[in-house]
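Novice: Starting off with a structure, shown below.
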Amino acid sequence: MKKFVSPSKIKGSLKAPASKSAMQRAIAAALLSKGESLITNPTFCDDSISAMRVAQGLGAKITKKSDYVSIYGGLNPQEEILNCGESGLCIRMFTPIAALTGKRLILTGERSLMERPVSSIEESIKALGANIKSNNSKLPIEVWGTLKGGTVTVDGSISSQFITGLLMALPKCSEDSTLYVKNLKSAQYVDLTIEILKNFGVLIEKENHEKFTIKGNQEFVPGIINIEGDWSGAAFLLCAGAIAGEITVHGIAEESTQPDRAIITALKKARANLHINGDCIHVSRSELKGFEFDASDCPDLFPPLAALALYCKGETILHGTDRLTHKESNRAMTIKSELEKLGARVRLFGDSMIIESSEISGGEVDSHGDHRIAMACAIAALGATSPVVINNAECVSKSYSEFFEDLKLIGGQVR
């Protein structure tokens, strides 16, 4: 699918999309509960649909309505093959959960997920008592036997998602567990996991994000959980306001544990006009300045910040590109190549991306199947001198299905 985005002046108010990160965690916790859980303010993006599909395959009974999802939990595998779509969190979170069942199950995925490494998952699952086999450290994964618990050390430098999976599964093990984590990145996503587990009656003790103590034989208590607004999706809207007009985004909590709330810090560094009132954030265009920002713990902010940096006077330096290799695309290289097609000046040096203020012309770009690249090119187009054509734009459905429609609602010229 092609999308044509023309230079636009935006103005309006939008509700932030619901967080797919919180949604997927809530689905997993509801699966592990005995009884009915209700998830309100759900998101039905592709990654959430993948999580629901896997949960159903593992025994959950799910009813979807427009404003809530009902999940009757209980681990009782109904399918041998579990398809995680293109969701990295889905494969890393549900593999330890699948290893609780004692059944032989296969977890697989689609497109870019088939190329993501899973070696850290293999080592830890074996150390905790279950069996696992991969395809040369890539998907598909086969698990059998039963996760028992125990002590394990995990490297968190590439992703915190598998740690989330262990924190979900280990409370259901027969033994108590101690999880040691080295070099943890995106620690606040682990905090989000612990927060959601607490909502389901499960307690995790942590020490400085380096040691987690998990009692075994815990009972997940079904309940009602409201999915908070997504700071990752809201970041694109807020940056659009800073580039091309003004916007108010509501339904995002400043006290959220989501690491992408750091977009507020970045916008302040860029000297955007910014006002926060409760769960509403208003951003309007101003004379933006180049800034320096470390996105190592919030790598999903790279695409919107790269688009923003094009309109910041001087030079912007974003640190943490090492976190971008194993995304839906090699995201650092893709940001550089696609924005350069529009006249951007982007350099990669070591672990950093350097972006100079640029006059953005029209042109044709490709998302490379990466939802955040498609959205970044769209907001970059708002301040361009002529229209931008985005190829393979349908990939936004992975996280924010309504993105282009929302952009139109605030004045974006999209067709």
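Novice: Rounded to the nearest 0.05, what FRET efficiency do A127 and K198 give with R0 = 22 Å and r taken as the Cβ-Cβ distance? Could you check? Don't jump to the answer; show the numbers that get you there.
Specialist: On the way: r = 26 Å, r/R0 = 1.18.
Efficiency, rounded to the nearest 0.05: 0.25.
Novice: May I pose another question? What does the charge dipole of region 195-247 about its Cα centre add up to, to the nearest 20 debye, if the Cβ of each Lys and Arg holds +1 and the Cβ of each Asp and Glu holds -1? It would help to have the intermediate numbers written out before the result.
Specialist: Details: 4 positive and 8 negative charges, 36 e Å.
Here the size comes out at about 180 debye.
Novice: Springs between alpha-carbon atoms under 10 Å, Gaussian network over the chain: tell me which of P303, P17, P387 tops the mean-square fluctuations.
Specialist: P387
Novice: Might you report the magnitude of the Cβ-based charge dipole of region 20-213 about its Cα centre, with Lys and Arg at +1 and Asp and Glu at -1, to the nearest 20 debye?
Specialist: Dipole size: approximately 240 debye.
Novice: Continuing with the same structure: Give the separation of the Cα centroids, region 1-59 to region 284-317, in Å.
Specialist: 27 Å
Novice: Still on this model: So how tilted is helix 371-381 from the main axis of the chain? Cα-based, degrees 0 to 90, rounded to 10.
Specialist: 10 degrees
Novice: With an 8 Å cut-off on Cα pairs and a minimum separation of 6 or more residues, tell me the relative contact order of region 50-195 in percent.
Specialist: Numbers: 301 pairs, mean separation 28.6, N = 146.
Rounded, it is 20 percent for region 50-195.
Novice: Distance from the Cα centre of region 361-415 to that of region 108-157, in angstrom?
Specialist: The distance from the Cα centre of region 361-415 to that of region 108-157 comes to 35 Å.
Novice: While we're on this one: Pairs K182/K211; K133/K185; K64/K398; K20/K211; K103/K126: which are spaced more than 21 Å apart, C-alpha to C-alpha? Please list the in-between numbers first.
Specialist: Details: K182/K211 9 Å; K133/K185 26 Å; K64/K398 18 Å; K20/K211 26 Å; K103/K126 15 Å.
With Cα atoms farther than 21 Å apart: K133/K185; K20/K211.
Novice: Then there's this: Starting with the fewest neighbours, write out K65, K172 ranked by other beta-carbon atoms found within 10 Å of each beta-carbon. Can you show the working numbers first?
Specialist: Values: K65 10, K172 20.
By the 10 Å Cβ count, ascending: K65, K172.
Novice: Can you spot the aspartates and glutamates whose alpha carbon is less than 15 Å from K206's alpha carbon? Ignore those fewer than 8 places along the same chain.
Specialist: Leaving aside aspartates and glutamates fewer than 8 places away in the same chain, those within reach of K206 are D176, D191, E195.
Novice: Next up: Which angle from 0 to 90°, rounded to the nearest 10, does the C-alpha axis of helix 187-199 make with the longest principal axis of the chain?
Specialist: 50 degrees
Novice: Counting pairs of alpha carbon atoms under 8 Å apart in space and at least six apart in sequence, what relative contact order in percent does the chain give?
Specialist: Values: 1059 pairs, mean separation 78.1, N = 415.
This gives 19 percent for the chain.
Novice: Rounded to the nearest 20 Debye, what is the dipole magnitude of the chain about its Cα centre when Lys and Arg each give +1 and Asp and Glu each give -1 at the C-beta?
Specialist: Working: 46 positive and 48 negative charges, 71 e Å.
Approximately 340 debye in magnitude.
Novice: Another question, if that's okay. Counting pairwise Cα distances across the chain, what percent come out greater than 40 angstrom?
Specialist: In whole percent, the share of Cα-Cα pairs in the chain beyond 40 Å is 16.
Novice: Determine which lysines satisfy two conditions relative to K289: a Cα distance under 25 Å, and not lying fewer than 8 residues away in the same chain.
Specialist: List returned: K9, K11, K268, K269, K313, K336, K341.
Novice: Using only the alpha-carbon atoms of region 20-213, report the extent along each of the three principal axes, biggest first, to the nearest angstrom.
Specialist: 41, 34, 30
Novice: Still on this structure, I have one more. Could you go through region 118-129 in sequence order and give the Karplus-derived ³J(HN,Hα) for each residue, using 6.51 cos²θ - 1.76 cosθ + 1.60 with θ = phi - 60°, rounded to whole Hz, and x for Gly and Pro?
Specialist: So the Karplus estimates, Gly and Pro as x, are 10, 4, 5, 5, 4, 4, 6, 4, 5, 5, 9, x Hz.
Novice: With a cut-off of 8 Å between alpha carbons and a minimum separation of six or more residues, what is the relative contact order of region 191-274 in percent?
Specialist: Values: 61 pairs, mean separation 19.5, N = 84.
The value is 23 percent.
Novice: Separate question: Among L203, L166, what is the fewest-to-most ranking by other Cβ atoms within 10 Å?
Specialist: Fewest-to-most Cβ neighbours within 10 Å comes out as L203, L166.
Quick note: the coordinates plus some simple rules give every number you see, no bench work behind them. A quick note: this is a predicted structure, and the numbers were derived from the prediction, not measured. Reconstructed Cβ throughout: ideal geometry from the backbone, glycine too, with neighbour counts over all protein chains shown.
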